[in-house]
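Heads up, the thing below is written out as structure tokens.
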Amino acid sequence: MRKWIITGGAGFIGCHAAATFHQKGDHVVLVDNLSRRGADANLSWLRDQGVTDFIKADIRDFAAIRDVMAKHADADVVLHLAAQVAVTTSVIDPRTDFEINALGTFNVLEAVRALETKPIVVYSSTNKVYGNLEHVRVIEKNGRYAYEDRPFGVDEAEPMDFHSPYGVSKGCGDQYVRDYARIYDMKTVTFRQSCIYGTRQFGIEDQGWIAWFCVAVTTGQPFTIFGDGKQIRDTLWVGDLVDAYERAVARIDSVSGEVFNVGGGPGNTMSLNELVALLSESFGRDLNPPYADWRPGDQRVFVADVRKAQRLLGWSPTVGTVDGVKKLLGWVRENRGLFS
């Protein structure tokens with residue numbers, strides 16, 4: 001049995017991780033400030049699953065986070081998911097973005113470093129640390145964008161080139177987590193995550209586009225495609241991401257200090273237009289959303305090269321994109337009251 005502290009534990013990824021670990025007999029401590037939409041509903045759902053150890057705290061408050069870590073100094077793993085998650089929000093309010101993503105991550109690391117028994121730190125980073133990848137040639141093929149000469153996608157050797165306050169703040173945390181493994185001999189792993197989606201995701205226009213499109217169509221809300229809709233992402237079902245976390249923890253002696261790109265990989269990609277077409281088919285009507293200008297920091301293509309995770313973690317995605325979207329859409333339809 002392991003003991004996990006999950007910051008952002010009432011968030012989309014956090015609640016899935018917490019439920020999974022609890023079902024396997026692990027002890028889970030949730031830490032969340034409940035500021036994000038849907039967090040209260042996710043916390044209630046987790047309590048129904050039997051996950052009851054919850055601390056309301058904000059990672060920007062070092063004293064509070066230090067107290068959490070000291071109280072649970074016997075923890076085996078700190079899964080650090082708490083974050084500001086939207087590029088557009090970071091452009092509007094870069095200070096808050098910095099305080100949550102950069103300072104908040106630093107606070108978590110320092111609180112862990114102060115413990116005699118150093119728990120593993122697993123950090124949720126982002127593909128946005130690679131920026132717009134303007135030097136990578138992109139072509140248009142079959143109505144969607146694609147890399148011209150990167151059949152496996154972007155790997156971990158790609159230089160970081162932050163493009164947006166969000167990319168900078170998450171990249172700052174990314175590098176701190178890596179460096180604490182080198183300088184302080186802490187056991188850390190960093191996951192640079194691509195497009196994660198799944199049930200219990202309260203997507204909004206600024207973040208979580210697959211969930212947002214599903215919610216908007218189901219509840220009759222207007223939604224917009226920014227850009228031309230041909231941009232693609234590799235999509236990863238949330239359960240597959242949680243599996244990657246577990247595998248890294250199980251192999252920590254060999255992967256400490258490592259960084260992994262995790263996404264659906266080349267076999268699980270979707271464009272915005274393709275998602276609209278799938279939803280149109282599901283609802284039996286043409287949706288025809290309006291188009292608007294590209295937003296700052298938007299990438300025409302991002303596909304993660306997941307071969308390092310396959311090699312070192314024995315991990316691969318298991319849920320295909322179309323099946324996953326249908327599963328998410330079914331959940332939204334069954335729970336539309338959560339979005340009213």
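The values are calculated or read from the model by the stated rules, or taken from the named source; none is laboratory data. What you see is a predicted model, and the numbers here were worked out from it, not measured in a lab. For neighbour counting, all protein chains shown are included, and Cβ atoms are generated from backbone atoms with ideal geometry for every residue, glycine included. Keep in mind that these areas ignore ligands, DNA and RNA; they rest on the heavy atoms of the full protein, side chains included. Shrake-Rupley method; radii C 1.70, N 1.55, O 1.52, S 1.80 Å.
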Counting Lys and Arg as +1 and Asp and Glu as -1, each charge on the Cβ, what is the dipole of region 39-157 about the Cα centre in debye, to the nearest 20? 120 debye
Name the shape class, rounded, prolate or oblate, that the alpha-carbon gyration tensor gives for region 212-340, where a ≥ b ≥ c are the square roots of its eigenvalues, rounded holds for a/c under 1.5, and otherwise prolate holds if a/b is larger than b/c and oblate otherwise. prolate
When the helices in the chain are scored as -39500 (n - 2.57) per DSSP H run of 4 or longer and the sum is shared across all residues, what 222 nm value do you end up with, to the nearest 500 deg cm²/dmol? -11500 deg cm²/dmol
The chain: proportion of alpha-carbon pairs further apart than 39 angstrom, %: 9 percent
Could you estimate the translational diffusion coefficient of region 289-334 from the Stokes-Einstein equation, with Rh from the Kirkwood formula over C-alpha pairs, at 37 °C and 0.692 mPa s, in whole µm²/s? 231 µm²/s
For the chain, what is the charge dipole size about the Cα centre, in debye to the nearest 20, if Lys and Arg each add +1 at the Cβ and Asp and Glu each add -1 at the Cβ? 420 debye
Just the accessible area for M160, please: 1.4 Å probe, Å², rounded to the nearest 10? 60 Å²
Contact order relative to length of the chain, as percent, for alpha carbon pairs under 8 angstrom and 6 or more apart: 18 percent
Once Lys and Arg get +1 and Asp and Glu get -1 on their Cβ, which of A64, H16, T52 lies farthest toward the positive end of the dipole of region 11-68? H16
Which value, in Å² rounded to 10, gives the accessible area of W294 with a 1.4 Å probe and all protein chains present? 100 Å²
Spin-label point model (7 Å from Cα, Cβ direction): what's the T52 to A70 distance in nm? 2.7 nm
Starting with the highest mean, order 143-156, 93-106 by the number of other Cβ atoms within 10 Å, averaged over the residues of each peptide. 93-106, 143-156
For a quick check, take a GNM of the chain with Cα springs below 10 Å and name the residue from G267, G324, G173 with the largest mean-square fluctuation. G267
Which percent, to the nearest 5, of DSSP beta bridges fully inside region 201-340 are antiparallel? 50 percent
Rounded to the nearest 5, what % of DSSP beta bridges with both residues in region 1-158 are antiparallel? 20 percent
Where does region 133-271 land on Rg/Rh, using Cα atoms and the Kirkwood Rh? 0.99
Report the antiparallel proportion of the DSSP beta bridges in the chain as a percent, rounded to a multiple of 5. 20 percent
What's the center-to-center distance, using Cα atoms, between region 197-246 and region 277-340 in Å? 5 Å
Quick one: length gained pulling N288 to R182 fully straight, 0.36 nm per residue minus the C-alpha distance? 33.1 nm
In region 156-302, carbon and sulfur make up what percent of the accessible area (probe 1.4 Å)? 46 percent
In region 268-291, which residues have a backbone nitrogen under 12 Å from the label point lying 7 Å from R311's Cα in the Cα-to-Cβ direction? none
Among G320, W209, C172, whose Cα projects farthest towards the positive end of the dipole of the chain, with charges put on the beta-carbon of Lys, Arg (+1) and Asp, Glu (-1)? G320
For the peptides 21-29, 285-293, 195-203, what is the packing order when you average, over each peptide's residues, the other Cβ atoms within 10 Å and list the highest mean first? 195-203, 21-29, 285-293
For region 44-86, size of Cβ-based charge dipole, Lys and Arg +1, Asp and Glu -1, in debye: 140 debye
Lys pairs in the chain, Cα-Cα under 14 Å, at least 8 apart or on separate chains: how many? 8
When only alpha-carbon atoms count, how far does region 1-147 stretch along each of its three principal axes, as whole angstroms with the largest first? 52, 30, 27
